[in-house]
Structures are given as C-alpha cells and as structure tokens.
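Chemist: Please see the structure below; I have some questions.
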Amino acid sequence: MVGGLVGTSLFLLAASYRTELAERRKLKALFARYVSPEILDEILRRRDVINISGERRFVAVLFADVRGFTRYTEEHEPEQVLSQINQVLGEMTAIILRHGGLVNKFLGDGLMAVFGIPVWKEEIWTEVFAACQAIVTNKNQPTGDALAVGIGLSWGTVLAGSVGNQQRMEYTFFGTPVNLAARLEKMAGPGEILFPFEANRTYPLPTESYTCEEVYIKGLSEPLLVGRIKEWG
C-alpha cells in the first residue's frame with residue numbers, strides 16, 4: 001500500500017516536472033528572439049505574470065523606420081542595400097534590448113518594439129526615451145537624412161498574447177496604443193521622435209528641445225496634442 005502511494009507521488013511529481021519544462025520551453029521559444037537574456041531570465045522566473053493565451057497589459061510602444069530607404073534601394077546594389085539595412089536594424093535592436101525593450105517584429109526597413117514586459121515599472125519611461133535618443137543620435141548609423149530614423153511612441157493598455165499555430169507562433173500586441181505609435185512614426189521626419197504630449201504630465205521629458213502641435217489622427221475623434229523632438233539639448 002505504502003509502495004503504491006510512493007509510486008503514485010513520484011509519478012505525479014515527474015508529470016508536474018515535465019509540464020513545467022514544457023511551459024519553460026514554450027516561453028523560451030516565444031521570447032528568446034525578442035528580448036535580452038536578462039529579460040528572458042526574468043520572464044522564465046516569473047511565469048505567473050505573463051499569460052500567453054491573452055491578457056491586457058500596460059506597455060509603451062515604439063515604431064522606428066528608416067527615412068528615404070526606398071530611394072536608397074533604387075540607387076544602390078542589392079548586396080549594399082541589405083548590408084546597410086541590417087547594420088541599421090542591428091544597431092536599433094541592440095539599443096532597444098540594452099534599455100530593456102522587446103523587439104516585437106521587423107517591418108521591412110523598420111521595427112516595432114515594446115517596453116514593459118514582463119511588468120511595467122515607472123522607470124521604464126526613462127528607458128524608452130533613452131532608447132529613442134540613442135537611436136536617433138547613434139554615431140554608428142549611416143549619416144545624413146537619406147538613412148535617418150523617424151520614431152513614433154505611444155503607451156497604454158494593449159491586448160497581448162500568442163498568435164499562430166504549432167508551426168509558427170508569435171507573441172504580439174493589439175490596440176489603440178499600437179496603432180497610434182505606428183501613425184505617429186509615419187508623421188515623424190528624419191531624426192524626429194513624436195509622442196502623445198500627455199506623457200509629460202507624468203514623466204519628465206529628457207530634453208527641452210521639443211515643440212507641441214495638435215494633429216488629427218485617423219481613428220481618433222478629437223485632435224491629439226503631440227510632442228515633437230527634433231534635437232537633444
């Protein structure tokens with residue numbers, strides 16, 4: 001009788017261990033290519049704070065895009081084009097990971113990144129702007145407006161979770177903050193950062209060199225007060 005109970009306990013323990021390993025492998029497969037090793041370790045340690053089946057999360061969203069890249073592709077050989085864009089995206093990715101962001105996806109000559117995974121902290125907004133500053137002032141980037149980067153920022157509650165099937169699964173984000181950041185990025189000039197100016201009410205801006213303007217954004221019923229950073233001073 002005792003032997004049977006011990007055997008059952010060991011079987012359940014082994015099953016629980018296999019389930020835990022499977023969950024860790026699934027999380028690692030989803031996040032390993034998106035985040036730094038440090039953030040990945042935190043995600044694996046705190047599996048209870050992320051529900052990949054779907055949840056609402058407060059995050060900051062960043063879209064960055066290389067300006068003038070279409071013309072650049074027309075004027076240079078394919079090998080040079082790919083080498084250059086890989087250099088630019090590689091630099092941006094390293095900066096975002098260094099500041100605790102998650103590189104969610106590459107979008108041709110740009111990317112989408114998210115800050116606040118696995119949990120949102122007040123100091124994250126400082127890291128967001130630090131990442132933006134590093135991207136637009138990066139000395140390793142190609143110089144000149146032809147390949148300068150424009151950035152759109154937003155923040156708020158989004159729907160986050162894994163989409164796809166067993167052959168290909170991605171962790172992604174949906175919601176107004178995502179759409180807004182993407183649209184602000186389209187409006188940003190070379191070397192510019194656009195963001196909802198409301199952020200200044202909660203988080204101090206890292207520079208005084210900005211302007212404000214009301215703009216109409218598709219999908220919003222009222223004009224939005226937008227901050228535009230053109231240089232860091």
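Chemist: Within region 62-79, how many residues are surrounded by fewer than 16 Cβ atoms within 10 Å (Cβ to Cβ) and among the β-branched types (V, I, T)?
Modeler: Count: 1.
Chemist: What single numbered condition from (1) surrounded by fewer than 20 Cβ atoms within 10 Å (Cβ to Cβ); (2) basic (K, R); (3) outside any helix (DSSP H, G or I) fails to hold for R57?
Modeler: Among (1) surrounded by fewer than 20 Cβ atoms within 10 Å (Cβ to Cβ); (2) basic (K, R); (3) outside any helix (DSSP H, G or I), the lone unmet condition for R57 is (1).
Chemist: Hey, can you tell me all the residues within region 177-191 that are under 17 Å from the mean Cα position of the chain (by Cα) and loosely packed, with under 14 Cβ neighbours inside 10 Å?
Modeler: K186 - this is the single residue of region 177-191 that is under 17 Å from the mean Cα position of the chain (by Cα) and loosely packed, with under 14 Cβ neighbours inside 10 Å.
Chemist: Going through region 51-95 one residue at a time, which ones are over 15 Å from V149 (Cβ atoms), touching a helix residue (DSSP H, G or I) at 6+ places or on another chain (Cβ under 6 Å) and not β-branched (V, I, T)?
Modeler: A60
Chemist: Taking the condition modelled with pLDDT under 90, more than 23 Å from D41 (Cβ to Cβ) and in contact with a Pro (Cβ under 8 Å, 6 or more places away or on another chain), does Q167 pass?
Modeler: no
Chemist: May I pose another question? Scanning region 217-233 for residues that are assigned to a loop (DSSP other than H, G, I, E, B), surrounded by 10 or more Cβ atoms within 10 Å (Cβ to Cβ) and not basic (K, R), which turns out modelled with the lowest pLDDT?
Modeler: Residue satisfying both the conditions and the ranking: W232.
Chemist: Right, another one. Give the residue that is nearest to L147 (Cα to Cα), with candidates limited to residues of region 100-110 that are crowded, with 16+ Cβ neighbours inside 10 Å and among the aliphatic types (A, V, I, L, M).
Modeler: V103
Chemist: Within region 120-141, count every residue that is out of contact with any strand residue (DSSP E or B) (no Cβ under 9 Å at 6 or more places or on another chain) and at pLDDT below 90.
Modeler: Total meeting the criteria: 7.
Chemist: If A113 passes every condition in (1) aliphatic (A, V, I, L, M); (2) over 12 Å from the mean Cα position of the chain (by Cα); (3) surrounded by 14 or more Cβ atoms within 10 Å (Cβ to Cβ) but one, which one does it miss?
Modeler: Checking A113 against (1) aliphatic (A, V, I, L, M); (2) over 12 Å from the mean Cα position of the chain (by Cα); (3) surrounded by 14 or more Cβ atoms within 10 Å (Cβ to Cβ), the one that fails is (2).
Chemist: Still on this structure, I have one more. Looking only at region 32-53, decide whether some residue is touching a strand residue (DSSP E or B) at 6+ places or on another chain (Cβ under 8 Å), at pLDDT 75 or above, in a strand (DSSP E or B) and on the phi < 0 side of the Ramachandran plot.
Modeler: no
Chemist: A follow-up question, please. G116: modelled with pLDDT of 85 or more, more than 16 Å from V88 (Cβ to Cβ) and of a type in the set (G, A, S), yes or no?
Modeler: Considered against the rule, which asks whether it is modelled with pLDDT of 85 or more, more than 16 Å from V88 (Cβ to Cβ) and of a type in the set (G, A, S), G116 comes out as yes.
Chemist: So if I check each of A160, A130, A148, which one is in contact with a Ser or Thr (Cβ under 8 Å, 6 or more places away or on another chain) and not basic (K, R)?
Modeler: A160
Chemist: Taking the condition in contact with a strand residue (DSSP E or B) (Cβ under 6 Å, 6 or more places away or on another chain) and at negative phi, does I95 pass?
Modeler: No, not satisfied.
Chemist: Output yes when any residue across region 80-99 is touching a Ser or Thr at 6+ places or on another chain (Cβ under 7 Å), surrounded by 15 or more Cβ atoms within 10 Å (Cβ to Cβ) and part of a helix (DSSP H, G or I), and no when none is.
Modeler: For region 80-99, residues touching a Ser or Thr at 6+ places or on another chain (Cβ under 7 Å), surrounded by 15 or more Cβ atoms within 10 Å (Cβ to Cβ) and part of a helix (DSSP H, G or I): present.
The values are calculated or read from the model by the stated rules, or taken from the named source; none is laboratory data. This one's a predicted model, so the numbers in the text were calculated from it and none came from an experiment. Backbone-built Cβ (ideal geometry, glycine too); neighbour counts: all protein chains shown.
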